[in-house]
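To start, the structure under review is shown below, and the notes come after it.
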There are 2 protein chains.
Amino acid sequence: MRVSSKAHYGLRMMTELARGCGKGPISLAEVSRAEHLPLSYLEQLAAQLRRGGLVESTRGVHGGYRLTRDPLTISVLDVVRVVEGEVTPVECLAQDYTPGSCIREGDCASQPLWQRLKRSIDAVLSQTTIGDLVADHSLVQTFAPLAAETGQRQASPRRREVAHV
Amino acid sequence: MRVSSKAHYGLRMMTELARGCGKGPISLAEVSRAEHLPLSYLEQLAAQLRRGGLVESTRGVHGGYRLTRDPLTISVLDVVRVVEGEVTPVECLAQDYTPGSCIREGDCASQPLWQRLKRSIDAVLSQTTIGDLVADHSLVQTFAPLAAETGQRQASPRRREVAHV
DNA sequence: TACAATTCCCACCATGACGGTCGGAATTTC
DNA sequence: GAAATTCCGACCGTCATGGTGGGAATTGTA
């Protein structure tokens, strides 16, 4: 039950694009710099987002990507779906599920449970938009310096490696 | 955002054990027969469930496994946790998370979102118990023959392979 | 026209989790 | 002693994931 890093990256790229909304396209090089994500990986990601209709691209020198819709109308679920495929706890609840693939259907005691779970997840992820994330983030940024002074853990002697910041 | 088959299997084994509640231990051979799951794999799974304190075992000829608690007090979340580890959309929300592993903490725009998601998932999975699943299943069983006669899809010419029934 | 900055596309790769198998030891009952 | 069990550890193939690299095509700019 984890959200892939790819989805995270996608979200971060989207918020970055949302931030530059209206000011012409943003190049992946800029996104890469801002979010410390590898350019070549962003390329793949951006391609998916484009095919998913969430962003559009301009090639050439001052090219880059921009959102196709208002950030407040793009839900996190939209992004995750495009990047990870449909978000569902079990395959038999996906729309593209071929009936008959699971022999237990009709006899499955837990399907109703997964249905509830899927609905619940969908609800949460569709309520928050990219616009919300950007707004929250600038808020966090504002208060970050204050918060930073109070806390002083960071004792962890042996931090687990985590992908790209 | 998928639930592993391992968790499924775990759930199925648990419901099977719940069904035989009170009638002495149930051997993995029986579970294997009833649920069409490979015995050797069940052994591993059962070991995890035992270490997680959800079942207890008796060795020897009439040995097997039994639940340690009333099925109605064992939530699906309990089982999934034991089998898959803590269920959380991102590592930074797990209890065993070492602060400092993620450099973005305190600056992360999406953490509140993941928090909401985690709470939501936890809620759904902790509401349903193994006992509920058993009850639902016997209900389904009762009506299954009727339902089976009406539907007649099964046209799917090229069904995707799905693990162990 | 040359060049630089881009997107675009495809192939490759290393790692790890997952689902699963196998062989054998220990335990218990008959 | 033999059969039925749990128990344990090693191994294995496959697949998704995260990531790199090379080279096209496109476009603005000097």
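The values are calculated or read from the model by the stated rules, or taken from the named source; none is laboratory data. Only a predicted model underlies this, so the values are computations on that prediction, with no experimental measurement involved. Reconstructed Cβ throughout: ideal geometry from the backbone, glycine too, with neighbour counts over all protein chains shown.
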### Task
Please work out which one of (1) on the phi < 0 side of the Ramachandran plot; (2) touching a residue at least 12 places away in the same chain (Cβ under 8 Å); (3) within 16 Å of DNA strand D (Cβ to nearest atom) is the condition B:Glu91 fails and give its number.
(2)
### Query
For segment A:36-54, how many residues are in contact (Cβ under 8 Å) with a residue 40 or more places away in the chain and either within 10 Å of DNA strand C (Cβ to nearest atom) or within 14 Å of chain B (Cβ to nearest Cβ) (or both)?
2
### Task
Within segment B:87-122, track down each residue that is loosely packed, with under 15 Cβ neighbours inside 10 Å and within 20 Å of B:Gly52 (Cβ to Cβ).
B:Ala94, B:Gln95, B:Asp96
### Message
Please verify whether A:Thr98 is assigned to a loop (DSSP other than H, G, I, E, B) and farther than 27 Å from B:Ser126 by Cβ, treating the condition exactly as stated.
### Response
yes
### Residues of segment A:43-65 satisfying the condition of being in contact with an Asp or Glu (Cβ under 8 Å, 6 or more places away or on another chain) and more than 16 Å from A:Val82 (Cβ to Cβ)
A:Gly64
### Task
Could you tell me which residue of segment B:1-25 is nearest to B:Pro71 (Cα to Cα), considering only residues that are among the aliphatic types (A, V, I, L, M) and in contact with a Lys or Arg (Cβ under 8 Å, 6 or more places away or on another chain)?
B:Leu17
### Task
Report yes if some residue within segment A:88-103 is among the charged types (D, E, K, R), within 14 Å of chain B (Cβ to nearest Cβ) and more than 20 Å from B:Ser110 (Cα to Cα); otherwise report no.
yes
#### Entry: Answer from B:Thr98, B:Thr15 - the residue that is polar (S, T, N, Q), away from DNA strand D (no atom under 12 Å from the Cβ) and more than 15 Å from the chain's Cα centre (by Cα)
B:Thr98
### Task
Can you tell me which residue among A:Val55, A:Val79 is over 27 Å from B:Ile103 (Cα atoms) and surrounded by 15 or more Cβ atoms within 10 Å (Cβ to Cβ)?
A:Val55
### Query
Can you find a residue in segment B:67-75 that is modelled with pLDDT of 95 or more, within 13 Å of the chain's Cα centre (by Cα) and within 27 Å of A:Glu86 (Cβ to Cβ)?
yes
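Condition check ((1) more than 12 Å from every other protein chain (Cβ to nearest Cβ); (2) over 20 Å from B:Ala109 (Cα atoms); (3) within 16 Å of DNA strand D (Cβ to nearest atom); (4) touching a residue at least 12 places away in the same chain (Cβ under 8 Å)) across all residues:
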| site | (1), (2), (3), (4) |
| --- | --- |
| A:Ser5 | no, no, yes, yes |
| A:Leu11 | no, no, yes, yes |
| A:Gly20 | yes, no, no, yes |
| A:Pro25 | yes, yes, yes, yes |
| A:Glu30 | yes, no, no, yes |
| A:Thr58 | yes, yes, yes, yes |
| A:Ile74 | yes, no, no, yes |
| A:Asp78 | yes, no, no, yes |
| A:Val83 | no, no, yes, yes |
